[in-house]
Amino acid sequence: MTAPQDIFDRSARRRRRNVAAPNFTPHDFLRATMLDGIAERLDSVKRDFSEVLDLGCFNGGFDLAGMRSDVRIARLDAGYDFALSARGVQADEDRLPFADASFDLVVSAGVLDQVNDLPGALTLARRALRPDGLFLAAFVGAGSLPALRMALREAEREQPAARIHPQVDVRSAGDLLVRAGFALPVADVETLTIRYGSFGSAIDDLRGMAATNLLVGRTAMTRVTLARAGEAYHGAADPDGRTTERIDIVYLTGWAPDASQPKPARRGSGTTSLADALKPSA
């Protein structure tokens, strides 16, 4: 049931994830890119993890290759079919069914931009971590899909409608980590460039990723609107007939607070003045 404050239609999200599940593999490149980025960040962490949560698991593609054989990965997805195929549980990311301090690592790739209560979801992820547990996430951030945005604006100039989800920029994402209570928060962004031969190809990928419009109160596009959008998208194509699309991937890193973690120096505790530090060396 949709709550009054919901931005996204929870029921529609579940249905579309179920539709996408059987044929997700041909459209998994974006999540695969995010998982590669998460793996790179995880490689720099010199510790073992034994209890892991894959938050928004899709088909269960995340693993910890090369780590201890006894590591256990719990998986959760908002879609029943994805959760079933990954042997996980079905639930929304802002309504976690796990007890506090259940995991020492939580990862999430490709879903947090579709969560109604993102601050709440981050807080729940932090609470699900044991002290000094690690949170790593990636999602589509602000500035993504500029060609698609342009095409939809052109197609509906006279009666514009909300077609693309609100997106979080990297600075706001970092602020959300702090608000959720994470220690040592880091937010950064990487850009993925995709080139599409047609408007239809772009829409097919979004459908295959379960990433089409889930906004509450959305309306269907008419055939005329779709045709106009396709013309506008093609009009933005490069000389080879392909349209360049950009996706900015926001990566989040945060730790559940623990007394063993480094603390910032107390304000005013420095012993060297800025003027002395800036003096040229002899």
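Conditions first: (1) over 13 Å from A21 (Cα atoms); (2) in contact with a Phe, Trp or Tyr (Cβ under 7 Å, 6 or more places away or on another chain); (3) buried (at least 16 other Cβ atoms within 10 Å of the Cβ). F82 passes all but one, so which condition is the exception?
All conditions are met except number (1).
I'm checking my understanding of the structure. Among residues of the range 52-82 that are under 16 Å from L134 (Cα atoms) and among the acidic types (D, E), which one is modelled with the highest pLDDT?
Result: D54.
Give me a count of the residues in the range 165-184 that are in a loop (DSSP other than H, G, I, E, B), surrounded by 15 or more Cβ atoms within 10 Å (Cβ to Cβ) and more than 15 Å from the chain's Cα centre (by Cα).
Looking only at that region, the number is 2.
May I ask you to say which residue of D248, D205, D258 is modelled with pLDDT of 95 or more, of a type in the set (D, E) and within 30 Å of V178 (Cβ to Cβ)?
The match here is D248.
Only residues that are surrounded by 17 or more Cβ atoms within 10 Å (Cβ to Cβ) and aromatic (F, W, Y): list them for the range 1-55, please.
Result: F8, F24, F49.
Looking at the range 169-193, which of its residues are within 20 Å of L35 (Cβ to Cβ) and either polar (S, T, N, Q) or at pLDDT below 95 (or both)?
T191, T193, listed by residue number.
With the structure loaded, tell me whether S108 is surrounded by 19 or more Cβ atoms within 10 Å (Cβ to Cβ), under 13 Å from the mean Cα position of the chain (by Cα), modelled with pLDDT of 95 or more and part of a loop (DSSP other than H, G, I, E, B) or whether it fails that test.
For S108, the condition - surrounded by 19 or more Cβ atoms within 10 Å (Cβ to Cβ), under 13 Å from the mean Cα position of the chain (by Cα), modelled with pLDDT of 95 or more and part of a loop (DSSP other than H, G, I, E, B) - is not met.
Which residue out of F139, F103, F98, F135 is surrounded by fewer than 20 Cβ atoms within 10 Å (Cβ to Cβ), of a type in the set (F, W, Y) and touching a residue at least 12 places away in the same chain (Cβ under 8 Å)?
F98
What number of residues within the range 144-189 are of a type in the set (D, E) and in contact (Cβ under 8 Å) with a residue 40 or more places away in the chain?
Total satisfying the criteria: 4.
Criterion first (closer than 28 Å to P119 by Cα and surrounded by 17 or more Cβ atoms within 10 Å (Cβ to Cβ)) does L145 satisfy it?
Criteria met by L145.
The values are calculated or read from the model by the stated rules, or taken from the named source; none is laboratory data. From a predicted model like this one, the values you see are computed outputs, not experimental measurements. In this analysis, Cβ positions are derived from the backbone assuming ideal geometry, glycine residues included, and neighbour counts consider all displayed protein chains.
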